[in-house]
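Below is one structure, written out as structure tokens, with a few remarks after it.
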Amino acid sequence: MTIENELPPAKSLAECGALIVGGTAGIGLATARGLAEAGVPRIVIVGRNCERGQLAAAELRALGTDAHFLAGDATDSSSASTVAAEADKLLDGIDILMCTTAADVRPELFKDIPITDISRILNELATPSMQMASAVLPGMRARRGGIIVNVASDAAKTATPGEAMIGAAKAAIVMFTRTIAIEEKRHGIRANALTPSLVHGTASTERITTDGFSAKLFASAAKQAALGVPDADDIAALAVFVCSPAAARLTGQAISVNGGISAA
């Protein structure tokens, strides 16, 4: 008997509980909406802004899903563990983990980044995905199935001036995701990374395109997106597919949605 036959069949979205870290706005909230519309009955969103989180949860409940907001900071290991434990109870088991956290980091030439900022940037950008995965994997293993989706960046794949630190952190997320996909496949757990570039309509994009070096960088990048710069709903549509049984054989991949900015 093969390993594939020993594993339970992939759950339908209507049977899943989803935990979305960074789910109060942007790509995370768009994905939460998409999952709710696709029939996911239980969703927990995590963020640091309580007012925004409660409003987002109310919006999701209006779509017919049992939605809850948990305040937490996934850069802190204790907070990540607490959030995962509380979400596990609310969801009756975490079937889907999506981690899409933002940080107050914008593209800057490496020479202009103070040495004292290096560890902070790496911690804020790279560790949330790793710490949340660490917290949810035991439960997924016990249930012999689960889906992890981490949002990284095309900076993980393409060397771009101004993104030395961002690229290093996002590359860490991509390699981490690909490696746990190989480690955990025998337990029925899939892990994939989404690697967008410029995404219209998000607070992160607004912050990095208003002025300075990053504004020039992304204005140039946008010109390369002949198919159009994607918005949060474009990324969310891919995330919903990756979480669905239609993607049951898809794991260990880093997938870009960037309108043609690059083909990394």
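The values are calculated or read from the model by the stated rules, or taken from the named source; none is laboratory data. It should be emphasised that the depicted structure is a prediction, and the values quoted were computed from it without experimental measurement. Backbone-built Cβ (ideal geometry, glycine too); neighbour counts: all protein chains shown. Quick note on the areas: whole protein, heavy atoms, side chains included, nothing else; ligands and nucleic acids left out. Shrake-Rupley method; radii C 1.70, N 1.55, O 1.52, S 1.80 Å.
Would you mind putting 151-159, 79-87 in packing order, based on average other-beta-carbon counts within 10 Å, highest first?
151-159, 79-87
Positive end of the charge dipole of the chain (Lys, Arg +1 and Asp, Glu -1 on Cβ, about the Cα centre): tell me which of LEU250, VAL149, GLY39 has its Cα farthest that way.
LEU250
Give or take rounding to whole Å, what are the principal axis extents of the alpha carbon atoms in the range 40-175, in descending order?
48, 34, 26
Do me a favour and compute the ellipsoid semi-axes for the chain from its Cα gyration tensor, root of five times each eigenvalue, largest one first, whole Å.
So the equivalent ellipsoid measures 29, 20, 18 Å along its semi-axes.
Arrange the peptides 48-56, 98-106 so that the one whose residues have, on average, the most other Cβ atoms within 10 Å appears first.
Packing proxy ranking, top to bottom: 98-106, 48-56.
What percentage of all Cα-Cα pairs in the range 111-172 are separated by more than 14 Å?
63 percent
Counting Lys and Arg as +1 and Asp and Glu as -1, what is the net charge of the other residues whose Cβ lies under 14 Å from the Cβ of ALA36?
Neighbourhood net charge equals -1.
Show me, for the range 113-123, the HN-Hα J-couplings you get by feeding each phi into the Karplus relation (A = 6.51, B = -1.76, C = 1.60, θ = phi - 60°), rounded to Hz, glycine and proline as x.
9, x, 4, 6, 8, 4, 5, 4, 4, 4, 5
Below 11 angstrom from the Cβ of THR65, what's the summed charge of the other residues (Lys, Arg +1; Asp, Glu -1)?
Neighbour charge sum, excluding THR65 itself: 0.
Sequence-distant or interchain residues sharing an amide H contact under 5 Å with GLY72, placed H: which?
Close amide H contacts, sequence-distant or interchain: GLY47, ARG48.
Across the range 95-111, in residue order, what do the Karplus-derived ³J(HN,Hα) couplings come to in whole Hz, using 6.51 cos²θ - 1.76 cosθ + 1.60 with θ = phi - 60° and x for Gly and Pro?
These are the phi-based 3J(HN,Hα) values: 8, 10, 10, 10, 10, 9, 9, 9, 9, 7, 10, 10, x, 8, 4, 4, 5 Hz.
Treating the beta-carbon of each Lys and Arg as +1 and of each Asp and Glu as -1, no other charges, what is the dipole magnitude of the chain about its Cα centre, to the nearest 20 debye?
500 debye
Can you compute 3J(HN,Hα) from phi for each residue in the range 165-182, using the Karplus curve 6.51 cos²θ - 1.76 cosθ + 1.60 with θ = phi - 60°, rounded to whole Hz and x for Gly and Pro?
6, 4, x, 5, 5, 6, 5, 4, 4, 5, 5, 4, 4, 5, 6, 5, 4, 6
Hey, can you rank 171-178, 143-150, 20-27 by average C-beta count inside 10 Å, highest first?
20-27, 143-150, 171-178
Report, to the nearest whole %, how much of the accessible area of the chain belongs to carbon and sulfur atoms, 1.4 Å probe, protein only.
55 percent
May I ask you to derive the relative contact order of the chain, considering only C-alpha pairs under 8 Å and at least 6 residues apart, and to give it as an integer percent?
20 percent
Where only protein heavy atoms count, and the probe is 1.4 Å, what is the accessible area per residue for the range 89-128 in Å²?
Averaged over the residues of the range 89-128, the accessible area is 51 Å².
Where does the chain land at 222 nm, in deg cm²/dmol rounded to the nearest 500, when only DSSP H runs of n ≥ 4 count, each adding -39500 (n - 2.57), divided by all residues?
-14500 deg cm²/dmol
Can you list the residues, at least 5 places off or on another chain, whose amide H is less than 5 Å from the amide H of ASP66, using H built in the peptide plane?
So ASP66 has HN proximity to ARG42, ILE43.
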